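Take a look at the structure below.
Values quoted throughout were computed directly from the atomic coordinates according to the rules given, and no laboratory measurement underlies them. All values reported here derive from a predicted model rather than from experimental measurement. Quick reminder, even Gly has a Cβ in these numbers, built from the backbone with ideal geometry, and neighbours come from all protein chains shown.
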Amino acid sequence: MTIDENGHAKLEADLRRGVLVLAVLSRLRTRQYGYSLRHALIDAGMPVEEGTLYPLLRRLETQGLLESVWDTDGASPRRFYWLSPDGQRLFASMRDSWRRQVGVMDSLLE
């Protein structure tokens, strides 16, 4: 059995999806609004669609991992997000888990 380009693309998308929460948490250590967050992720090589990011932000906030506030001072209102104390703890834990997994994968891929 061989995997065609579509199958390969799906597997890569699955891999990115699996680390998206960690990527989002890493960028929300500082206050950001959705558009700036999306482009920070894209610029770092983690493409994410708006239809994926915004529901994820709402879910993480509902879970108590993010805090947010609307800023209506500018021309268009923006909702800014940042890590809550629980989000900071989860980020630290996930970062440590990620680093351990990278070590395991590095040894497996040798």
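Per-residue ellipticity at 222 nm computed for the chain from its helices equals -22000 deg cm²/dmol, with DSSP H segments shorter than 4 residues left out and the rest contributing -39,500 (n - 2.57).
In terms of its C-alpha gyration tensor, the chain comes out oblate, because a/c is 1.5 or above while a/b does not outweigh b/c. Look at the dipole of segment 22-109 built from charges on Cβ: of S26, S76, S97, the Cα furthest out on the positive end belongs to S97.
Charges were assigned to the Cβ only: +1 to each Lys and Arg, -1 to each Asp and Glu. The resulting dipole of the chain about its Cα centre is roughly 400 debye.
When the chain is treated as a Gaussian network with alpha carbon springs shorter than 10 Å, the biggest mean-square fluctuation among V69, V24, V48 belongs to V69. Each Cα pair under 8 Å and six or more residues apart adds its separation to the average, and for the chain the resulting relative contact order is 25 percent. A straight chain from V69 to E12 at 0.36 nm per residue would run longer than the Cα-Cα distance by 17.2 nm. When trypsin sites (Lys or Arg not before Pro) are flagged only if DSSP places them in a loop and at most 16 other Cβ atoms lie within 10 Å, the longest unflagged stretch of the chain comes out as 32-110.
Using +1 at the C-beta of Lys and Arg and -1 at the C-beta of Asp and Glu, which of T62, T52, L37 has the Cα lying farthest in the positive direction of the dipole of segment 22-109? Working it through, the farthest residue towards the positive pole turns out to be T62.
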